[in-house]
1. Where does each of B:Asp65, A:Asp84 land when they are ordered by accessible area, with a 1.4 Å probe and the largest first?
2. Chains A and B: buried accessible surface, both sides, probe 1.4 Å, rounded to 100 Å²?
3. Find the relative contact order for the range B:1-99 and round it to a whole percent, using C-alpha pairs within less than 8 Å whose residues are 6+ positions apart.
4. Please report the orientation-averaged projected area of the range A:74-114, defined via the convex hull of its C-alpha atoms, in nm².
5. Leaving ligands, DNA and RNA out of it, rank B:Arg111, A:Arg95, B:Arg98, B:Arg37 by accessible area with a 1.4 Å probe, largest first.
6. Give me the accessible area per residue for chain B, probe 1.4 Å, as a whole number in Å².
7. Could you give each residue of the range B:78-86 its phi-based ³J(HN,Hα) in whole Hz, using Karplus coefficients 6.51, -1.76, 1.60 with θ = phi - 60°, and x for Gly or Pro?
8. Along the Cα-to-C-beta direction of A:Arg95, a point sits 7 Å from the Cα; which residues of the range A:17-40 have their amide N less than 12 Å from that point?
Amino acid sequence: KNQVEQSPQSLIILEGKNCTLQCNYTVSPFSNLRWYKQDTGRGPVSLTIMTFSENTKSNGRYTATLDADTKQSSLHITASQLSDSASYICVVSDRGSTLGRLYFGRGTQLTVWP
Amino acid sequence: GAVVSQHPSRVICKSGTSVKIECRSLDFQATTMFWYRQFPKQSLMLMATSNEGSKATYEQGVEKDKFLINHASLTLSTLTVTSAHPEDSSFYICSATRDTNYGYTFGSGTRLTVV
């Protein structure tokens, strides 16, 4: 069964600290993995996208890693800011069709405290 | 970058009425648009996939007569919740893509409250 599991479910950190969010998936055949940031009451906004051959991708203070062998990904946030408080969603796409089907994790709710 | 506009952002309607939600791709032609539903602290759940000019493909368990989807042009898809009931209250999100290499862009979502 194709699934995407994220951990932790929630996380609280102090402003300026770093954190790492985890994503494990069983989606096959694999096409790509995306990390999205979703603010409360808003739609998801893309942070990174990685294909099978990529093992790291950065976007400012966000760095995503991918280990396609172990089917694991992480999102590392450095020097956190209050505006980083949001839900971070891991989304994996398969290659079962031309367009690919998206499988969503339930997200990690990150809260950054001053 | 790709922008998807979704309106309205919030809507409150009376039970039994219908509500239409619009999803527009502003700077690209979206061959495929998707409609999702999201409950609090849950992941997005795909409701249906719509391709321009053809009937939408609904996920198992989604009532196509209740959630009417129209994708009349390459830049506009609409979701109409017919005869809404309080249990239809949720956060509805659309996304659009030109192709998988182009990526998926999400709208800002619509908070529907049925009273």
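1. Values: B:Asp65 125, A:Asp84 0 Å².
Sorted descending by solvent-accessible area, the residues read B:Asp65, A:Asp84.
2. Numbers: alone 6480 and 6400 Å², together 11350 Å².
Counting both chains, the buried surface is close to 1500 Å².
3. Details: 207 pairs, mean separation 35.9, N = 99.
Computed over the range B:1-99, the figure is 36 percent.
4. Numbers: hull surface 14.8 nm².
For the Cα atoms of the range A:74-114, the hull's average projected area reads 3.7 nm².
5. Numbers: B:Arg111 80, A:Arg95 145, B:Arg98 115, B:Arg37 35 Å².
These residues rank, largest area first, as A:Arg95, B:Arg98, B:Arg111, B:Arg37.
6. Working: 5670 Å² over 115 residues.
It amounts to 49 Å² per residue over chain B.
7. Each residue of the range B:78-86 in turn: 10, 10, 10, 8, 8, 6, 5, 10, x Hz.
8. Correct set: A:28-32.
The values are calculated or read from the model by the stated rules, or taken from the named source; none is laboratory data. Fair warning: this is a prediction, and the values are worked out from it, not measured in the lab. Because the Cβ atoms are built from the backbone with ideal geometry, glycine has one as well, and the counts that use them run over all protein chains shown. Side chains included, ligands, DNA and RNA excluded: accessible areas come from the protein's heavy atoms. Shrake-Rupley method; radii C 1.70, N 1.55, O 1.52, S 1.80 Å.
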